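FYI, it's all coordinate maths here, none of it is from the lab. Just so you know, these numbers come straight off a predicted model, no measurement behind them. As a convention, Cβ positions derive from the backbone with ideal geometry for all residues, glycine included, and neighbour counts pool all protein chains shown.
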Amino acid sequence: MIHLKDVHKTYPGAVPLHVLKGINLDIERGELVSIMGASGSGKSTLLNILGILDNYDSGEYVLDKRLIRNLGENAAADLRNHLIGFVFQSFNLISYKDAVENVALPLFYQGVSRRKRNAMAIEQLDRMGLREWAHHLPSELSGGQKQRVAIARALITNPAIILADEPTGALDSKTSVEVMKIFRQLNNEGMTTVIVTHDPGVGAQTNRIIRISDGLIIPDSQIVKSQTDMDNKKTDNVSVQHS
Amino acid sequence: MFDLFNEILQTMRTNKLRTILTGIAVAWGIFMLIVLLGFAKGVRTAFEDSPMGQTSNVLQLWSGRTSMPFNGLGAGRTIPVRERDMKALRHDIVDNVSAVSGVLEGNTVVMRSDSSSISSTYSGVYPIMQREEQLRVTNGRFINDRDVNDASKVVVLEERNATTLFGSPQRAIGRILDINGLAFKVVGTYEHRWISSVFIPYSCAKAMNGFSDVLGTIRVNVEGMSTQEEAEAIERSIRESIGRSESFHPDDQSAIWIWNRFSNYLSQQTAMSVLNWIMWIIGLLTLITGVVGVSNIMFVSVRERTHEIGIRRAIGARPRYILTQIILEGVVITTLFGYVGILLGTIAGEIMAYAFADVEFIKDPRVDVGLAFQVTALLVVAGAFAGFFPAMRALKIRPVEALRTE
């Protein structure tokens with residue numbers, strides 16, 4: 001599903017920042033993976049590139065058999081809309097729209113009629129167990145509910161992948177567990193899911209952990225010696241899987 | 001499309017105060033534009049309806065006194081205006097002159113009907129007088145060529161005089177009016193804002209004045225001219241022609257008095273034009289202030305919604321949609337509140353019309369429908385502009401960065 005080959009990205013500036021130094025990464029359809037790394041490791045940049053929110057300088061990124069390379073803004077927007085479902089740490093719901101309108105928004109940009117997209121939105125909210133909250137504003141929802149609305153929004157276009165950026169970062173431990181349960185459930189139904197996180201607890205609930213450090217993916221055999229592990233202090237809880 | 005408008009209305013409702021404040025700026029701009037233009041139009045209309053504005057293509061001449069010696073004749077001579085001068089003019093000046101006529105005023109005499117009488121002068125005129133002074137004939141007819149040729153004793157009265165003498169303008173037709181002992185038949189009545197003369201054929205007046213060929217005034221009806229230079233050129237030709245006929249120097253400005261109504265009309269037109277331009281400029285500048293206000297607010301609005309715009313773009317909004325949404329917002333605000341301005345401006349126009357009803361130099365200070373539409377079109381364009389620059393600004397930010405904003 002996702003294939004990155006030798007991807008480089010440098011941020012221009014007075015001192016150019018070479019953030020991704022040759023990323024090689026493969027994620028199969030139906031996998032539930034987490035990408036873990038410390039700040040400055042390049043994990044946010046990688047996330048942006050996976051999410052077609054940013055361009056990369058060299059290499060190859062193929063998503064769902066489509067080559068993503070130097071896309072114009074229009075093409076990028078369309079692909080984001082169709083292929084990717086975003087879930088953010090801070091939920092990123094539009095504050096003056098209710099749950100249904102938020103969930104339906106991606107379909108609005110596909111040109112789907114109001115009635116149809118609202119119906120589909122209710123369906124997704126139902127799937128998340130939020131039917132009674134359909135017409136509430138985000139300010140009237142708890143953190144966990146908001147994230148579930150965000151997940152419903154991510155799902156509504158039936159994307160190729162779900163891309164989550166620290167989805168449990170703003171949630172308490174109990175709600176985090178619930179949200180991770182949802183991700184695992186979706187994955188069971190076949191949705192390829194990539195979660196970027198620094199929380200090893202979250203990583204532990206995924207089937208594969210991809211570690212990134214200093215702009216490069218750390219091959220699994222090197223995991224024990226990596227800086228990230230030493231920072232985490234929870235080395236015992238980290239399960240290392242051979243790909 | 002409907003969806004888009006829904007989006008916009010939702011956004012506007014979310015920030016009611018901001019929207020209203022912006023809208024007030026626009027409404028004010030439009031309001032001022034309409035009031036000023038209405039005012040200018042009022043002044044212009046009053047002028048055009050006034051004696052000065054109408055009958056503008058006439059030059060009138062009266063008797064004067066020479067100020068320069070000429071051909072052995074001294075200064076200080078009274079120059080009368082005579083029939084032969086009329087003929088000279090007809091002969092000498094051919095370009096741009098459509099008619100030369102004259103008026104012979106009689107003395108003040110008593111004019112009697114069966115039941116009443118008035119005391120008035122009479123004016124011996126040619127038929128062209130009606131067109132020149134725009135006398136509106138309400139009953140019967142005006143003096144015609146046959147009357148002048150035959151010296152028929154007919155008379156045309158102003159409506160109020162007719163009412164005084166015969167009870168009503170309608171009843172006056174066909175009745176006999178005794179002018180200084182002579183029986184004149186009333187053939188018509190007319191209506192005019194300020195003229196109320198008793199008109200009889202020129203030839204009759206001449207006869208009543210003892211067949212002298214001296215006239216009260218000569219009127220030269222001009223056409224096909226449009227500049228001050230032409231107006232002055234005609235005046236000079238007239239002086240030259242009569243100068244030859246009555247023996248005075250062509251440069252003598254006081255030998256005969258010329259009222260160049262055409263020249264006056266031209267200067268008034270220029271003044272009106274300048275007034276109109278000034279009003280437009282002031283109005284537009286005020287409007288620009290309003291539009292700048294809208295643009296300002298849209299900049300702020302866009303800045304505040306950077307995060308939201310980032311979300312939309314991450315979900316798949318094309319740059320064009322964002323652009324359209326913001327520009328349309330600008331258009332909706334400007335147009336909506338612009339209409340409020342037009343409405344208020346029109347009401348103000350009505351109030352002005354009422355308040356200035358008795359003021360001579362302002363008449364009907366209202367703006368017509370055509371102008372209202374032009375202003376509306378202007379509004380739409382202005383609104384699009386007001387939204388355009390903030391929108392471009394919004395799009396320059398990458399979705400990633402926008403999402404990081406809070």
query: Each residue of the stretch B:379-389 in turn: what ³J(HN,Hα) in whole Hz from Karplus with 6.51, -1.76, 1.60 and θ = phi - 60°, glycine and Pro shown as x?
result: 4, 4, 4, 4, x, 4, 4, 4, x, 5, 5
query: What is the spin-label model distance, in nm, from A:Asn188 to B:Thr138 if the labels are put 7 Å beyond Cα along the C-beta direction?
result: 9.9
task: Find how much the distance from B:Lys396 to B:Trp194 grows on full extension, using 0.36 nm per residue of separation minus their present alpha carbon separation; answer in nm with one decimal.
output: 65.8 nm
query: Between B:Arg141 and residues 5 or more places away or on another chain, which pairs have amide H atoms under 5 Å apart, with H built 1.01 Å from N, and which residues are they?
result: B:Gly188, B:Thr189
field: Averaged over B:392-402, number of beta-carbon atoms from partner chains that fall within 10 Å
entry: 2
task: Pull out a ≥ b ≥ c, the square roots of the eigenvalues of the alpha-carbon gyration tensor of the stretch A:134-181, then state rounded if a/c is under 1.5, prolate if not and a/b is larger than b/c, and oblate in the remaining case.
output: oblate
- prompt: Which of the peptides B:175-183, B:25-33, B:100-108 is most tightly packed, and how do the rest follow, going by the mean number of other Cβ atoms within 10 Å of each residue?
  reply: B:25-33, B:100-108, B:175-183
query: Amide H of B:Gly124: which non-local residues (sequence gap of 5 or more, or other chain) have their own amide H closer than 5 Å, using H built in the peptide plane?
result: B:Leu104, B:Glu105, B:Gly106, B:Ile200
- line: Residue-ordered couplings for the stretch B:263-280, obtained by feeding phi - 60° into the Karplus form 6.51 cos²θ - 1.76 cosθ + 1.60 and rounding to whole Hz (Gly and Pro as x), are 4, 4, 4, 4, 5, 5, 4, 4, 4, 4, 4, 4, 4, 4, 4, 4, 4, 4
- prompt: Rounded, prolate or oblate: which fits the stretch A:63-135 when a ≥ b ≥ c are the square roots of the eigenvalues of the alpha-carbon gyration tensor, with rounded for a/c under 1.5 and prolate only if a/b beats b/c?
  reply: prolate
- prompt: Using a simple spin-label model with points 7 Å from Cα along the Cα→Cβ vector, what separation in nm is obtained for B:Asp368 and B:Glu229?
  reply: 3.2
field: Distance between the stretch B:164-216 and the stretch A:125-150 - C-alpha centres, whole angstrom
entry: 95
- prompt: Using the Cα atoms as the points, what is the convex hull volume per residue of the stretch B:19-174 in Å³?
  reply: 259
- request: Write down Rg/Rh for the stretch B:58-266, rounded to two decimals, with Rg from the C-alpha atoms and Rh from the Kirkwood relation over Cα pairs.
  value: 1.02
Shape call, the stretch A:107-196: gyration tensor on alpha carbons, a/c limit 1.5: oblate
- line: Here the relative contact order (percent) of the stretch B:58-266, from C-alpha pairs under 8 Å and at least 6 apart, is 35
task: Evaluate the Debye formula for the protein assembly as shown with equal point scatterers sitting on the alpha carbons, no solvent, and hand back log10 of I(q)/I(0) at q = 0.06 Å⁻¹, in q order, two decimals.
output: -0.59
task: Which order do the peptides B:129-136, B:224-231 take when ranked by the mean count of other beta-carbon atoms within 10 Å per residue, highest first?
output: B:129-136, B:224-231
message: Could you tell me the calculated FRET efficiency between B:Asp95 and A:Lys116, based on Cβ-Cβ distance and R0 = 60 angstrom, to the nearest 0.05?
response: 0.15
field: Extension gain (nm, one decimal) between B:Trp257 and B:Asn296, 0.36 nm per residue minus Cα-Cα
entry: 7.9 nm
- line: The set of residues whose placed amide H lies less than 5 Å from the amide H of A:Ile210, leaving out same-chain residues fewer than 5 positions away, is A:Ser34, A:Ile35, A:Met36
query: Other chains' Cβ within 10 Å of A:71-79 residues: what's the mean?
result: 4
message: Show me the ranking of peptides A:209-218, A:178-187 by mean Cβ neighbours inside 10 Å, starting with the highest.
response: A:209-218, A:178-187
task: Within 10 Å of each Cβ in peptide A:83-92, how many partner chain Cβ atoms are there on average? Round it to a whole number, please.
output: 3
field: Between the stretch A:38-54 and the stretch A:160-195, the alpha-carbon center distance in angstrom
entry: 18
- prompt: What spacing in nm lies between the two simple spin-label points modelled at A:Asp172 and B:Arg404, each 7 Å away from Cα in the Cβ direction?
  reply: 3.2
task: May I ask you to derive the FRET efficiency for B:Ser168 and B:Asn276 from their Cβ-Cβ distance with R0 = 30 Å, giving the value to the nearest 0.05?
output: 0.10
- line: Computed ³J(HN,Hα) along the stretch B:83-96: with the Karplus parameters 6.51/-1.76/1.60, θ = phi - 60°, integer Hz and x for glycine or proline, the list is 4, 6, 5, 4, 5, 4, 4, 4, 7, 7, 9, 10, 5, 6
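Could you compute the net charge surrounding B:Ala255? Neighbours are other residues with a C-beta less than 10 Å from the C-beta of B:Ala255; K and R count +1, D and E count -1.
Around B:Ala255, the surrounding residues sum to 0.
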- prompt: Taking only C-alpha pairs under 8 Å that are 6+ residues apart, what is the relative contact order of chain A in percent?
  reply: 28
- prompt: Using all Cα-Cα distances in the stretch A:114-158, what percent lands in each 10 angstrom bin from 0 up to the longest?
  reply: 29, 60, 10
